[in-house]
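S.K.: Please read through the structure below; I'll follow up with questions.
The values are calculated or read from the model by the stated rules, or taken from the named source; none is laboratory data. In this text the structure is predicted, and so the values were computed from the model without any measurement. Positions of Cβ are backbone-derived with ideal geometry, glycine not excepted, and every protein chain shown enters the neighbour counts. Protein only, heavy atoms only, side chains kept; ligands, DNA and RNA dropped before computing areas. Shrake-Rupley method; radii C 1.70, N 1.55, O 1.52, S 1.80 Å.
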Amino acid sequence: MYEEIKEKFDALKNHKGYIRINSTHPIDIYLGLNELNQKSFVIITSGELENIESSKLITAVIRQREDGRIYISFELLDNKMSDLFYKFCLDIIESTKDIPESNIVSFINKRWNDWGNLFKNPINTILGEKEIKGLLGELVFLNEYMFKNYRIDDGLNSWMGPDLAHKDFEIEDTWYEIKTVSQNSLTVKVSSIEQLDSNNQGMLVIIRLEPTNVKKSDYITLNQYVESIKKKLSTKQLLLFERKLGGANYNYEKDYDKYIYYVQKIELYIVNEKFPRISKKMIPSEIVRVSYEIAIDSIRNFEKIGD
């Protein structure tokens with residue numbers, strides 16, 4: 001479907017106008033080029049007007065037509081972001097197939113808000129080694145633990161790190177905070193009080209990643225690991241995964257292949273009321289930010305062994 005969207009936009013290069021995506025989709029969705037020759041994605045539906053915000057790279061418009069129907073358009077301002085724009089279009093097309101038309105406007109607005117930050121802050125910076133290791137650690141946990149203990153949909157939705165939430169993963173009534181360290185690390189750094197502070201029991205997860213080379217059979221790189229996860233996902237799951245990766249500032253870069261690791265160990269520690277941590281209630285209101293380190297050997301009694 002992604003290639004189909006790309007091909008339709010490519011076919012429109014020589015003339016302006018709009019084409020409906022297909023005749024079977026329950027709502028009217030069109031792809032086209034506007035009068036400024038910008039790629040445009042248009043939805044015409046029933047419902048109530050809502051406010052919608054544009055971004056640096058996308059002009060978003062919503063208005064009511066003379067016939068009473070709602071017109072929503074998204075127009076791409078920079079063709080360098082075409083790939084991301086196609087993925088956004090595909091996400092809207094796929095996700096609206098089973099939504100009642102009366103809810104479409106609110107649904108699309110929320111979906112746009114989910115994608116909007118990627119178009120406000122285009123991915124144009126290379127992750128440093130620390131960020132590569134941190135993201136790779138979260139992906140290892142997603143793949144090796146969440147996908148095996150929960151449904152893939154639930155695992156993807158639980159991944160909150162890219163959304164800048166306080167916990168890296170939140171699901172049902174528990175949470176997981178991921179710390180990626182080297183094999184011989186003796187401590188883990190807690191960067192903010194909120195990372196381990198909660199009324200619910202959760203888990204501190206320590207992922208031990210060790211540098212290696214391609215001669216080791218089970219080596220991983222960030223690019224390679226991302227692709228291995230993508231192969232497990234359906235179209236809808238892949239779109240959500242892409243959006244999460246964008247939130248984590250990941251885009252494929254060949255330079256990432258220089259950083260080669262193997263997963264030495266995954267350790268889970270139960271964080272309950274007895275676990276050594278700093279909570280908000282311990283801190284005077286005048287102090288607004290705290291970070292601290294935990295000696296790993298001191299929390300061995302909290303380690304979860306086996307499933």
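S.K.: Leaving out ligands, DNA and RNA, what percent of the accessible area of the stretch 202-307 is carbon and sulfur, probe 1.4 Å?
M.R.: 49
S.K.: Additional query: With angles folded into 0 to 90 degrees, how steeply does helix 2-11 sit against the dominant principal axis of the chain? Use alpha carbons for both and round to 10.
M.R.: Between the helix axis and the principal axis of the chain, the angle is about 40 degrees.
S.K.: Considering the alpha-carbon set of the stretch 123-170 alone, what are its Rg and its Dmax in angstrom?
M.R.: 11.6, 35
S.K.: Could you compute how fast the stretch 180-290 diffuses translationally, taking Rh as the Kirkwood radius over C-alpha pairs and applying Stokes-Einstein at 20 °C with viscosity 1.002 mPa s? Give it in µm² per second.
M.R.: Reported coefficient: 125 µm²/s.
S.K.: Moving on. For LYS230 and ARG289, calculate 0.36 nm times their separation in residues minus their Cα-Cα distance, and state this gained length in nm to one decimal.
M.R.: 17.5 nm
S.K.: A further question follows. Over the chain, what is the relative contact order in percent, taking alpha-carbon pairs closer than 8 angstrom and at least six residues apart?
M.R.: Relative contact order for the chain comes out at 15 percent.
S.K.: Below 8 Å between Cα atoms, with a sequence gap of 6+, how large is the relative contact order for the stretch 1-134 in percent?
M.R.: Reported relative contact order: 21 percent.
S.K.: Given Cβ point charges of +1 (Lys, Arg) and -1 (Asp, Glu) and nothing else, what value in debye, to the nearest 20, does the dipole of the chain about its Cα centre take?
M.R.: Once rounded to the nearest 20, the dipole reads 520 debye.
S.K.: With every protein chain left in place, what is the accessible area per residue of the stretch 167-284 in square angstrom, probe 1.4 Å?
M.R.: Computed with neighbouring chains in place, this is 51 Å² per residue.
S.K.: Residues of the stretch 258-276 with amide nitrogen under 19 Å from the 7 Å Cα-to-Cβ point of HIS166?
M.R.: Residues 270-276 fall inside that zone.
S.K.: Past 27 Å, Cα to Cα: identify those pairs from LYS179/LYS230; LYS120/LYS236; LYS167/LYS215, in the order given.
M.R.: Beyond 27 Å between Cα atoms: LYS167/LYS215.
S.K.: When only alpha-carbon atoms are used, what values of Rg and Dmax, in angstrom, describe the stretch 186-228?
M.R.: 15.6, 46
S.K.: With a cut-off of 20 Å, note down the residues of the stretch 237-253 whose backbone N falls inside the zone around a label point 7 Å from the Cα of GLU131 toward its beta carbon.
M.R.: Zone members listed by number: 241-253.
S.K.: Next up: Just need the relative contact order of the stretch 191-307 here, percent rounded to a whole number, with Cα pairs under 8 Å and 6+ apart.
M.R.: Reported relative contact order: 47 percent.
S.K.: Could you tell me which residue out of SER185, PHE88, MET203 lies farthest along the dipole of the stretch 80-213 toward its positive end? Charges go on the beta carbon: Lys and Arg +1, Asp and Glu -1, centred on the Cα centre.
M.R.: So the residue we want is SER185.
S.K.: Ordered by residue, what ³J(HN,Hα) values in Hz, to whole numbers, does the stretch 84-96 give under the Karplus form 6.51 cos²θ - 1.76 cosθ + 1.60, where θ = phi - 60° and Gly and Pro are x?
M.R.: Going residue by residue, I get 5, 4, 4, 5, 4, 4, 4, 4, 5, 4, 5, 7, 9 Hz, with x marking Gly and Pro.
S.K.: Taking 7 Å along the Cα-to-C-beta vector as the label spot, tell me the ASN79-SER217 distance in nanometres, rounded to one decimal.
M.R.: 4.9
S.K.: P(r) of the chain in 10 Å steps, Cα pairs, percent per bin?
M.R.: 5, 23, 28, 21, 15, 6, 1
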